[in-house]
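Okay, structure first, notes after.
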Amino acid sequence: MNRYSRVAGTGSYLPDKVLTNAELEKLVDTSDEWIRTRTGIERRHIAAPDETCSSMAEHAARRALKAAGQTPADVDLIVVGTTTPDLVFPNTGTLLQQRLDIHGCPAFSLEAACSGFVFALSMADKYVRLGEAKCALVVGAECLSRITDWSDRSTCVLFGDGAGAVVLTPADEPGIIGTHLHSDGRYKDLLFFPYGVSSGFDKLRSGAVAGITMLGNEVFRTAVRTLSRLVDETLAKNGIERDQIDWLIPHQANLRIIQSAADKLGLPMDKVVLTVQDHGNTSAASIPLALDTAVRDGRIHRGQTLLLETFGGGFTWGSALIRY
Ligand code: COA
């Protein structure tokens, strides 16, 4: 049994196409000023027609493996958090495994909306700690542009595509100090995608418009409240003080939600990794994308303490406390 897992490397990928707020002004009745002041978003990346969740995941995974000094052949577990899989099955983890040309290790995806990466990280951490994996690939990847109603101004300005990945390896010291996950289906009607396999793709065939459906105000209020409780829980359960956090790496949905979490921690915004302005909300991809961005631009150093926190449809929410 290993005592802990650690993040050995990070990687990410963004599609080439950038969609700016100015371009959205031509699609729906909105303005750059409205989008920036309400959400902090300035642009987002959109997958090309031939890109999928697993193709973006592959780029991020290869970069994370390289950063970790590992090769695809070393990988013995793949967990992908996504709500926009390539197919109903095979699962996106297995499609990623095939793309990496490795065969046989467990590979699967899980759905927890925007919390998918933190849920996947928590699961992979346990495999590594139990000695059941020595090189776990953990990915958050989303192609939200394919489930966005581009005529709905209240949602289409929010989302983007991309992927992020980390490689977890065994360690004698943490690494992943703790993860804390929650779900509550009472909130299912506040943020959802209205069609699925068993509830009826046939409705879609009848020509109904399909898109992410959200009661934005309610989601906003619940997210702020819930993330505040989550910060308290994470600090208390791990016996650490707010001033021991070097970086907050929040789910990148809305700048104002992020600011309220930073306030709760007493952290200045220059200790918060912000990518929402450039990526929009990439759901399960947003945290590993932000993490990789700050690792690669030199802000995050080995030995620093990172707090990852997320909130998404379900609702699902969770945190990971990491010594990088
Ligand atoms: N451009 C211009 N106006 C818009 C708009 C857009 N893109 N989208 C909505 N509006 C309008 C609304 O129609 C409404 O107009 P009305 O007052 O004439 O009815 C007005 O702006 C205010 O809408 P409201 O929904 O109250 O705005 P808001 O301040 O709550 O901001 C969100 C909307 C979506 C930005 C905000 O609620 C939010 O970020 N919520 C959380 C979303 C989130 O994080 N989801 C993912 C969680 S993982």
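The values are calculated or read from the model by the stated rules, or taken from the named source; none is laboratory data. All of these numbers come straight from a predicted model, not from anything done at the bench. Note: ideal-geometry Cβ built from the backbone for every residue, glycine included; neighbour counts use all protein chains shown.
See the values below:
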read-out: Inter-residue pairs, beta-carbon under 7 Å, first on the phi > 0 side of the Ramachandran plot and in segment 50-61, second modelled with pLDDT of 95 or more and in a helix (DSSP H, G or I), 6+ apart; value: none
read-out: Any hit, segment 204-219, residues being within 26 Å of His59 (Cβ to Cβ), small (Gly, Ala, Ser) and either touching a helix residue (DSSP H, G or I) at 6+ places or on another chain (Cβ under 6 Å) or surrounded by 18 or more Cβ atoms within 10 Å (Cβ to Cβ) (or both); value: no
read-out: Conditions (1) within 16 Å of the ligand (Cβ to nearest atom); (2) crowded, with 24+ Cβ neighbours inside 10 Å; number of the one not met by Gln277; value: (2)
read-out: Within segment 1-26, tally of residues that are away from the ligand (no atom under 16 Å from the Cβ), more than 29 Å from Ala124 (Cβ to Cβ) and among the hydrophobic types (A, V, I, L, M, F, W, C); value: 1
read-out: Qualifying residue in segment 220-237 (condition: over 22 Å from the mean Cα position of the chain (by Cα) and among the charged types (D, E, K, R)); value: yes
read-out: Close pairs from segment 211-231: first within 10 Å of Ile257 (Cβ to Cβ), partner part of a helix (DSSP H, G or I) and near the ligand (Cβ under 9 Å from one of its atoms), Cβ under 8 Å, at least 6 apart; value: Phe220/Arg256; Phe220/Ile257; Ala223/Ile257; Val224/Ile257; Leu227/Ile257
read-out: Output for segment 264-287, where each listed residue is under 18 Å from Ile300 (Cα atoms) and in contact with an Asp or Glu (Cβ under 6 Å, 6 or more places away or on another chain); value: none
read-out: Count - residues of segment 142-153 that are touching a strand residue (DSSP E or B) at 6+ places or on another chain (Cβ under 7 Å) and within 13 Å of the ligand (Cβ to nearest atom); value: 3
read-out: In segment 280-324, residue farthest from Asn254 (Cα to Cα) [restricted to those that are charged (D, E, K, R) and either more than 12 Å from the ligand (Cβ to nearest atom) or surrounded by fewer than 21 Cβ atoms within 10 Å (Cβ to Cβ) (or both)]; value: Arg302
read-out: Search result, residues across segment 165-194 that are away from the ligand (no atom under 16 Å from the Cβ), of a type outside the set (Ser, Thr, Tyr) and part of a strand (DSSP E or B); value: Ala165, Val166, Val167, Leu168, Pro170, Ala171, Ile176, Ile177, Gly178, His180
read-out: Total residues in segment 60-102, condition out of contact with any strand residue (DSSP E or B) (no Cβ under 8 Å at 6 or more places or on another chain) and of a type in the set (Gly, Ala, Ser); value: 1
read-out: All positions within segment 206-252 that are touching a Gly at 6+ places or on another chain (Cβ under 8 Å) and either near the ligand (Cβ under 9 Å from one of its atoms) or part of a helix (DSSP H, G or I) (or both); value: Leu230, Thr234, Lys237, Asn238, Arg242, Asp243, His251
read-out: Residue among Asp29, Asp86 that alone is within 14 Å of the ligand (Cβ to nearest atom) and of a type in the set (D, E, K, R); value: Asp29
read-out: Residue among Ile287, Ile245, Ile240, Ile300 that alone is of a type in the set (Val, Ile, Thr) and within 18 Å of Ile41 (Cα to Cα); value: Ile287
read-out: Strands (runs of 3 or more DSSP E) enclosed by segment 1-115 - at least 1 residues per element that are out of contact with any Ser or Thr (no Cβ under 6 Å at 6 or more places or on another chain), aliphatic (A, V, I, L, M) and surrounded by 18 or more Cβ atoms within 10 Å (Cβ to Cβ); value: 4-13, 17-20, 77-81, 107-110
